[in-house]
1. Just want the ordering: Val16, Val10, from fewest to most Cβ atoms lying within 10 Å of their own Cβ.
2. Need the full-extension length gain, Phe66 to Val10, defined as separation in residues times 0.36 nm minus the C-alpha distance. One decimal, nm.
3. Can you figure out the FRET efficiency of Gln73 with Ile19, using R₀ = 35 Å and their beta-carbon distance, to the nearest 0.05?
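Laboratory data are not the source of any read-out in this text; all were calculated from the coordinates shown. Computed from a predicted structure; not experimentally measured. All Cβ positions, glycine included, derive from the backbone under ideal geometry; neighbour counts span all protein chains shown.
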Amino acid sequence: MTLIIILHVVISVFLVGVILLQPGKSDSGIGFGSTSQSIFGSRGAGNILTRITAIAAFIFLNTSFFLARERMQETGGSVISAPAAPAEAAPTDSKPTATNEVPATAPAANVPPKPPAEAPKK
């Protein structure tokens, strides 16, 4: 599997380079400039680079499909078809609490403080 991933990355980088080397409509490739005719002959660069691009694209597509298929088999199925996991029961305290007592784990309520009681008048 690792070999296929490495091959996929190498082919993708190679494919980008080969596409950038191809001559455009004006017969000037980005890699060779206007000298592509002298290196590959007249229109020779277009035919060679087109064939190399087609082969690299074929390998790239095949590795893409293979990696996608292997990834689907690794996951083992859909999330929808999986049975629901049983919910875990909440932990229970062993000592009962009084009805007016707030458990220590409960968050404090936003209750405003009571004003201090006034002293009785004499």
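1. Details: Val16 11, Val10 14.
If I rank by nearby Cβ atoms, fewest first, I get Val16, Val10.
2. Working: separation 56, 0.36 × 56 = 20.16 nm, distance 1.56 nm.
This chain segment gains 18.6 nm when fully extended.
3. Working: r = 32 Å, r/R0 = 0.90.
For Gln73 and Ile19, the calculated efficiency is 0.65.
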